[in-house]
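Chemist: To start, I am sharing the structure in question, which I have written as structure tokens.
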Amino acid sequence: MRLLIAEDDKLHREFLERVARAVLPDVEAVTVTPDGSVALEAFESEEFDSVILDLQMPNVTGVDAAKAIWARSPATRILFWSNYAEEAYIRGVTRIVPPAAVYGYVLKTAPEEQLKLAIQGVFVAEQCVIDREVRGVQQRAHDRFSSLTDLEYEALVDLCLGLTDKTMAARRKVSLRGAQSRLQHLYQKLGLDRGDIPQGEFGPSFNARTRAIFLALSRGILNADTLRREETQFQDWLDKNT
């Protein structure tokens, strides 16, 4: 077994290496890197079958690093080690996992013993090990009555980026009516349908479009990191289509 670790905090890097060496006595080599970009350089130059990734890193995030690693080697076992259990982060990971891939997601707040079990479970037993709190968010994300479908999520992303309905339609390759229908489904899921918005003598109490942005951020469905990545992808699309 050859293990690659990517973590931008020095103390956390040392902690991960110590724990990994303690529970993986058969590990041949452990390479420790300070961010996602250095980790990808190491992965390109050497062979690793096991990787531990922090999600929040400068230059290249854990999600982007995992996506690149799995694109090259889908069988690579990856353990995500993160401070975050927000839907935005978890959805970001879930969307890139290859079929039949072995991976784990453990929170940094978990006890050391839980981290040890996760490392052994993913890298030795080759089982998916997901923190209970994270699993709960995943289950809600798959509940069509309490979370967003992929199409509704895309509509929310486009809305938060400030796209017009026509631009949404062009980007997603649907008709204008199709884009507006997705927005309407999104509003219904968020409780922003016309009949759901409180009315007063001043009229509707808020605008559904801007209220959706507030709910996306306050509920952790989207965050600044996710929106920065989506903005980059949108600008790439815009450059090709203008």
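The values are calculated or read from the model by the stated rules, or taken from the named source; none is laboratory data. All figures in this text were calculated on a predicted structure; none of them were measured in a lab. The protein model used for the area step is the full one, side chains on, heavy atoms only, and it has no ligands, DNA or RNA in it. Shrake-Rupley method; radii C 1.70, N 1.55, O 1.52, S 1.80 Å.
Chemist: Asp35's amide H: which non-local residues (gap 5+, or another chain) put their own amide H closer than 5 Å, with H modeled 1.01 Å from N in plane and none for Pro or chain starts?
Modeler: Answer set, sorted by chain and number: Glu7.
Chemist: While we're looking at this one, here's another question. Rank Glu7, Glu133, Glu28 by accessible area, highest first, at a 1.4 Å probe radius? Each step should come with its number before you reach the end.
Modeler: On the way: Glu7 0, Glu133 110, Glu28 135 Å².
My answer, sorted largest first, is Glu28, Glu133, Glu7.
Chemist: In addition: Please count, across the chain, the pairs of lysine residues with Cα atoms under 21 Å apart that sit 8 or more places apart or on different chains. Write out the running numbers ahead of the final one.
Modeler: Numbers: Lys10/Lys108; Lys10/Lys116; Lys108/Lys116; Lys166/Lys240; Lys173/Lys240.
Lysine pairs, 8 or more places apart or on different chains, close enough: 5.
Chemist: As a test, work out the antiparallel percent of DSSP beta bridges whose residues both lie in the chain, rounded to the nearest 5. Mind dumping the intermediate values first?
Modeler: Details: 2 of 23 bridges.
Antiparallel bridges: around 10 percent, rounded to the nearest 5.
Chemist: On to the next question. Report in % the part of the accessible area of the range 37-180 that belongs to carbon and sulfur, leaving out ligands and nucleic acids; probe 1.4 Å. Kindly include the intermediate steps, with their values, before the conclusion.
Modeler: Values: 3440 of 6980 Å².
Carbon and sulfur atoms account for 49 percent of the accessible area of the range 37-180.
Chemist: In Å², and per residue, what accessible area does the range 108-242 have when probed at 1.4 Å with the other protein chains present? Walk me through the numbers before you get to the answer.
Modeler: Details: 8180 Å² over 135 residues.
That works out to 61 Å² per residue.
Chemist: Let me ask something else about it. Using only alpha carbon pairs under 8 Å that are at least six residues apart, calculate the relative contact order of the range 96-242 and give it in whole percent. Write out the running numbers ahead of the final one.
Modeler: Working: 96 pairs, mean separation 24.5, N = 147.
Reported relative contact order: 17 percent.
Chemist: Using heavy-atom solvent-accessible surface (probe 1.4 Å) with all chains present, what is the largest-first order of Ser147, Ser37? Mind showing how you got there, number by number?
Modeler: Values: Ser147 5, Ser37 35 Å².
Of Ser147, Ser37, the descending order of accessible area is Ser37, Ser147.
Chemist: Which far-off residues, 5 or more places away or on another chain, put their amide H under 5 Å from the one on Val129, with H placed in the peptide plane?
Modeler: Tyr103, Gly104, Tyr105
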